[in-house]
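A short worksheet on the structure shown next.
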Amino acid sequence: MAVLSLPTVRSFIRCESSPMKNNGVGDKVKMHPTEVGFCRRDLFLFGLSSSLSTVFSYSGCLAEQDLKSASLVDEINAYTYSYPVELPSKKFLFKWVESRKPERYSSAAPLSPDARLRIVSERVDLIDNLIISVSIGPPNNQFLKSKEKKTWQAKDVADSVLADKSALRVTSSQRMSESSLLDAHASEIDGELYWYYEYLVRKSPTKTAQGQNLFRHYVASTAEREGYLYSLSASTLGQQWSEMGPLLEKTVASFRLLPPTDTYVPPYKDPWRFW
């Protein structure tokens, strides 16, 4: 995957990052030493606003309101995240529908013909064109050749996930060409590495969104456990990013792997089982 060129960027300001920062969800975040961060200043790409900071920024007209959130805890796959449900001051309610209830990896819907990457849970807001999904799959050794995850670069983790994220029967390189990576960085939170990335996917025009440069804007977080990548992605149409983006960034920042309980089913268990 080639990193998207940014010809319309007017200016960047290099950030001086301290070793410890607060990520906005109550955790102290240790920044990975191999990553470089940038502050965002007047960045617009085809009318889309893109965050290129070391940790996702939460500024934005909706994010500054009194946001009410709910939490999802998936004990089958041992992870959690929070998602927005209401902005009382705007009298705005999200219309979430749980399109895929949490399920074990072996019975989950595949994202590609080889069935490596699978959606284990998903919720959508069809009215506001929002999607939050969690997928699990093994690392793609084309990009992550080492077994030692501390040596993994954030861009390589993003490439690994995105190369397997396609319903088309095409090669990994062709799948990657569908996406344009904007940013990738890693953070260590409570001793666990999380890789964060932001990317665009070109979409076909719709009745409500016409035009040649129609993109879906994604933010995502990935963590590794027992040889599998657990990834949460949140997205909306590009023209909605300025309002919805900061809220989706908070959702991605809240993603955490949980200590396994008796309900936990590891991805490698009973791969033949589909119920």
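Residues in the stretch 89-108: is at least one open to solvent by less than 50 Å² (accessible area, probe 1.4 Å), over 19 Å from Ala70 (Cα atoms) and part of a strand (DSSP E or B)?
Within the stretch 89-108, not a single residue is open to solvent by less than 50 Å² (accessible area, probe 1.4 Å), over 19 Å from Ala70 (Cα atoms) and part of a strand (DSSP E or B).
Among the numbered conditions (1) open to solvent by 40 Å² or more (accessible area, probe 1.4 Å); (2) under 19 Å from Ala223 (Cα atoms), tell me where Ile119 comes up short.
That leaves (1) as the condition not met.
Whether any residue in the stretch 202-219 is at negative phi, open to solvent by 10 Å² or more (accessible area, probe 1.4 Å) and at pLDDT 95 or above is what I want to check.
For the stretch 202-219, residues at negative phi, open to solvent by 10 Å² or more (accessible area, probe 1.4 Å) and at pLDDT 95 or above: present.
Considering every residue within the stretch 245-266, establish whether at least one is small (Gly, Ala, Ser) and either assigned to a strand (DSSP E or B) or at pLDDT below 80 (or both). Quick ask: steps written out before the conclusion?
Here is the first cut: in the stretch 245-266, the residues small (Gly, Ala, Ser) are 245, 253-254.
Remaining after also requiring either assigned to a strand (DSSP E or B) or at pLDDT below 80 (or both): none.
For the stretch 245-266, residues small (Gly, Ala, Ser) and either assigned to a strand (DSSP E or B) or at pLDDT below 80 (or both): absent.
One residue is enough: does the stretch 127-149 have a residue meeting the conditions more than 20 Å from Ala223 (Cα to Cα) and in a strand (DSSP E or B)?
So far as the stretch 127-149 goes, yes, one or more of its residues are more than 20 Å from Ala223 (Cα to Cα) and in a strand (DSSP E or B).
Does the stretch 157-193 hold any residues that are open to solvent by 30 Å² or more (accessible area, probe 1.4 Å) and either at pLDDT 95 or above or not in a helix (DSSP H, G or I) (or both), and which are they?
Correct list: Lys165, Ala167, Leu168, Arg169, Val170, Thr171, Glu178, Glu188, Asp190, Gly191, Glu192.
So, in the stretch 232-244, of the ones that are open to solvent by 10 Å² or more (accessible area, probe 1.4 Å) and either of a type in the set (Phe, Trp, Tyr) or not in a helix (DSSP H, G or I) (or both), which residue ends up nearest to Asn129 (Cα to Cα)?
First, pick out the residues of the stretch 232-244 that are open to solvent by 10 Å² or more (accessible area, probe 1.4 Å): 233, 237, 239-240, 242-244.
Next cut, either of a type in the set (Phe, Trp, Tyr) or not in a helix (DSSP H, G or I) (or both) only: 233, 237.
Numbers: Ser233: 14, Leu237: 7 Å.
Looking at residues that are open to solvent by 10 Å² or more (accessible area, probe 1.4 Å) and either of a type in the set (Phe, Trp, Tyr) or not in a helix (DSSP H, G or I) (or both), I get Leu237.
Condition check ((1) under 18 Å from Thr251 (Cα atoms); (2) touching a Lys or Arg at 6+ places or on another chain (Cβ under 7 Å)) across all residues:
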site	(1), (2)
Lys91	no, no
Lys95	yes, no
Arg100	yes, no
Glu103	no, no
Ala108	no, yes
Arg123	yes, no
Ile127	no, yes
Ile136	yes, yes
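The values are calculated or read from the model by the stated rules, or taken from the named source; none is laboratory data. A quick note: this is a predicted structure, and the numbers were derived from the prediction, not measured. We place every Cβ from the backbone using ideal geometry, glycine too, and count neighbours over all the protein chains shown. Heavy atoms of the whole protein, side chains included, go into the accessibility calculation; ligands, DNA and RNA do not. Shrake-Rupley method; radii C 1.70, N 1.55, O 1.52, S 1.80 Å.
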